[in-house]
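J.: A single structure is presented below for examination.
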Amino acid sequence: MMEEKLTYEAAWSELTAISKEIENETISVDELASKVERASELIAFCQGRLKATEAEVGKIIDGMENQQKE
């Protein structure tokens, strides 16, 4: 379960750390599955945050454009 207070920056940092561990082969075989599962959760979280931010920015820009037309 994803923590409620997780930020994009914290998720990205953890994801980067997991990636480095996998690349450097510092993860044991016993930990690999759980690390890959956590990475998958973090990727989904980051994608969700990016989509939500993109939608919010789009609304702001639309609002600004509509004000300029008036």
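J.: So which residue, out of Lys20, Lys35, Lys59, gets the largest mean-square fluctuation from a GNM of the chain using Cα contacts under 10 Å as springs?
T.: Highest fluctuation of the listed residues: Lys59.
J.: With axes computed from alpha carbons, what is the tilt in degrees of helix 8-23 against the longest principal axis of the chain, rounded to the nearest 10 within 0 to 90?
T.: Here the helix axis deviates by roughly 30 degrees.
J.: Then there is this: Let me cross-check Glu25: its accessible surface, 1.4 Å probe, with only protein heavy atoms counted, in Å² to the nearest 10?
T.: For Glu25, solvent-accessible area is about 150 Å².
J.: Now a separate question. Picking from Asn66, Thr7, Ala52, whose Cα lies most toward the positive end of the charge dipole for the chain (charges on Cβ: Lys, Arg +1; Asp, Glu -1)?
T.: The one lying farthest along the dipole's positive direction is Asn66.
J.: Moving to a separate point now. Once every DSSP H run of n ≥ 4 in the chain is given -39500 (n - 2.57) and the sum is divided by its residues, what mean residue ellipticity at 222 nm do you get, rounded to the nearest 500 deg cm²/dmol?
T.: Numbers: 2 runs with 57 residues, N = 70.
Here the helix-only value at 222 nm equals -29500 deg cm²/dmol.
J.: Quick one: putting +1 on the C-beta of Lys and Arg, -1 on the C-beta of Asp and Glu, what dipole do you get for the chain around its Cα centre, in Debye to the nearest 20?
T.: Numbers: 8 positive and 16 negative charges, 43 e Å.
About 200 debye.
J.: Please give the per residue accessible area of the chain, computed with a probe of 1.4 Å over protein heavy atoms only, in Å². Could the numbers behind the result be given before it?
T.: On the way: 5790 Å² over 70 residues.
Roughly 83 Å² per residue, with all protein chains present.
J.: Relative to the longest principal axis of the chain, what angle (0 to 90°, nearest 10) does the C-alpha long axis of helix 29-69 take?
T.: The helix 29-69 is inclined about 10 degrees to the chain.
J.: As a test of understanding, state the convex hull volume per residue of segment 17-70 from its alpha carbons, in Å³.
T.: About 59 Å³ per residue, rounded to a whole number.
J.: Leaving ligands, DNA and RNA out of it, report the carbon-plus-sulfur percent of the accessible area of the chain at a 1.4 Å probe.
T.: With neighbouring chains kept in place, the figure for the chain is 55 percent.
The values are calculated or read from the model by the stated rules, or taken from the named source; none is laboratory data. None of these values were measured; they are calculated from a predicted model. All Cβ positions, glycine included, derive from the backbone under ideal geometry; neighbour counts span all protein chains shown. Ligands, DNA and RNA are stripped out before the accessible areas are found, and what is left, the full protein with its side chains, is counted by its heavy atoms. Shrake-Rupley method; radii C 1.70, N 1.55, O 1.52, S 1.80 Å.
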